[in-house]
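Throughout, read-outs are computed from the coordinates displayed, never taken from laboratory work. None of the values given here were measured: they were computed from a predicted structure. Neighbour counts are summed over all protein chains in view; Cβ atoms, including those assigned to glycine, are modelled from backbone coordinates with ideal geometry.
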Amino acid sequence: MKKLLENRNVTGWLMVSPLAAVLLVFLVMPIVLIVIVSFWRATEFSIIPAFEWDNYAFLFGSPVTYTVFLNTFKYAFITWAFTLVIGFTVAYYLAFHIRSLTWQIALFLLCTIPFWTSNIIRMISWIPFLGRNGIANSTLMSWGVIDEPVEWLLFSDFAVILAFVHLYTLFMVVPIFNTMMRIDKSLIEAARDAGANGAQILWNVIIPLTKPGIMIGTIFVVTLVMGDFITVRFMSGSQSANVGRLISNDIALLQYPSASATAIVLLATVLITIGILLRFVDIRKEL
Amino acid sequence: MEPRPRSFYVLSAFFVLFVLFLYGPTLTIGILSFQGEGGGLTFPMRGVSMYWFYDLFEQQAVGDI
């Protein structure tokens with residue numbers, strides 16, 4: 001036994017096995033089950049184990065699917081653009097303009113405190129803010145900017161994007177900030193000594209070096225937005241849909257095979273998107 | 001220490017706005033939790049009370065049997 005444990009090959013496998021077991025049971029197994037169920041046959045009142053492509057045929061044959069997938073990409077793209085600009089600016093400020101580490105940590109923590117409450121609470125808290133007689137409308141009216149309450153503030157795509165940006169900007173700030181903190185300050189000094197101005201340093205030194213952080217943040221935001229359904233439901237007042245809502249509607253109607261097929265297609269779409277994104281930047285260098 | 005560039009103040013203002021953006025909605029919810037009995041999740045507030053905090057510890061329709 002002792003001799004067996006001294007074999008480095010055996011100990012290596014033993015050390016890997018706990019994580020492999022956890023991943024197998026909690027990640028691979030559920031996905032395999034979803035794949036299996038996606039081929040089952042469903043009628044209005046029963047689900048029958050089978051192997052047929054009906055669920056996929058129905059999914060790809062319906063124009064709703066394409067609209068909803070397009071909508072999902074639209075949300076993901078717009079949210080990504082906003083979170084990137086806001087997240088990059090905040091991370092840049094924290095990493096390069098705040099000079100003491102104590103203040104950096106303090107301000108960073110200040111940004112994370114709202115995340116101690118649940119997603120849904122933070123999302124719902126926009127409702128009194130944006131409603132027809134909400135704070136935004138009454139403030140704008142008292143300033144005389146508008147005469148009548150603006151209707152599109154709440155229960156619209158605007159509200160959905162606003163909630164997404166509010167919920168997920170920090171997922172962009174954290175990885176970008178992390179990468180920026182690892183940039184060697186002497187590189188920036190060297191650039192300044194070589195005569196670069198602030199914008200040139202930002203464009204030619206800082207942005208190329210923070211690309212891995214930007215990419216990690218992008219993956220977080222895109223996967224979170226594409227998998228979300230509750231934000232879209234609450235903030236659009238059930239007037240817009242993304243793929244997550246398609247799946248949740250199927251589940252509510254007990255159409256598990258159809259929901260599984262949609263989930264598999266969504267999973268494939270997200271994986272392809274991430275695969276394309278990873279072509280641009282090698283994040284392994286950073287990890 | 002070298003003097004702060006002008007961009008520092010612009011970015012500081014941006015950061016303050018960002019923090020307000022993060023905290024604003026949660027703070028409005030905090031204020032609204034002191035609504036009077038007739039109020040909901042909307043402004044203007046119908047009176048100020050601790051009613052909803054008492055209500056929280058009463059028997060609930062959901063979750064309590």
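Work out the FRET efficiency for residue A:185 and residue A:118 from their Cβ-Cβ distance, taking R0 = 30 Å, and round it to the nearest 0.05.
Values: r = 39 Å, r/R0 = 1.28.
E between residue A:185 and residue A:118, to the nearest 0.05, is 0.20.
Rg and Dmax of the protein assembly as shown, Cα atoms, in Å?
25.2, 84
For region A:134-211, state which chymotrypsin sites (Phe, Trp or Tyr not before Pro) are in a DSSP loop and have at most 15 other beta carbons lying within 10 Å of their beta carbon.
Values: sites: A:143, A:152, A:155, A:158, A:164, A:168, A:171, A:177, A:203; in loops: A:152, A:155.
Here the chymotrypsin sites (Phe, Trp or Tyr not before Pro) that fit, given the DSSP loop and packing criteria, are A:152.
For residue A:211, give me every one of the aspartates and glutamates with a C-alpha distance below 18 angstrom, ignoring sequence neighbours fewer than eight places off in its own chain.
Leaving aside aspartates and glutamates fewer than 8 places away in the same chain, those within reach of residue A:211 are A:184, A:282, A:286.
Need the C-alpha centroid separation for region B:14-35 versus region A:126-193, integer Å.
Comparing the Cα centres of region B:14-35 and region A:126-193, I get a distance of 12 Å.
Rounded to the nearest angstrom and ordered from largest down, what semi-axes does the equivalent ellipsoid of region A:45-180 get from its C-alpha gyration tensor (root of 5λ)?
36, 26, 15
Between residue B:55 and residue A:158, what is the FRET efficiency for a Förster distance of 35 Å, r being their Cβ-Cβ separation, to the nearest 0.05? Present the calculation step by step, with values, prior to reporting the outcome.
Details: r = 33 Å, r/R0 = 0.94.
Once rounded, the FRET efficiency stands at 0.60.
If R0 is 51 Å, what FRET efficiency do you get for residue A:284 and residue B:37 from their C-beta distance, rounded to 0.05? Could you put the intermediate results ahead of the total?
On the way: r = 59 Å, r/R0 = 1.15.
For residue A:284 and residue B:37, the calculated efficiency is 0.30.
Of A:33, A:186, A:71, which is farthest towards the positive pole of chain A's charge dipole, taken about the Cα centre with +1 and -1 on the beta-carbons of Lys, Arg and Asp, Glu respectively?
A:186
Can you list the DSSP H helices in chain A whose Cα atoms extend at least 27 Å along the helix axis and whose mean Kyte-Doolittle hydropathy is -0.5 or higher?
A:63-92, A:157-181, A:207-227, A:256-280
Would you compute, from DSSP H runs of 4+ residues alone, the mean residue ellipticity of the protein assembly as shown at 222 nm, taking -39500 (n - 2.57) per run and dividing by the full residue count, rounded to the nearest 500?
Theoretical 222 nm ellipticity from helices: -21000 deg cm²/dmol.
Counting only other chains, and only Cβ atoms inside 10 Å, what mean value do you get across the residues of A:109-116?
The mean count of partner-chain Cβ atoms within 10 Å per residue comes to 3.
Order of A:266-279, A:21-34 by packing, highest average Cβ count within 10 Å first?
Peptide ranking by packing, descending: A:266-279, A:21-34.
For region A:90-107 and region A:239-287, what is the separation of their C-alpha centers, rounded to whole Å?
Cα centres, region A:90-107 to region A:239-287: 35 Å.
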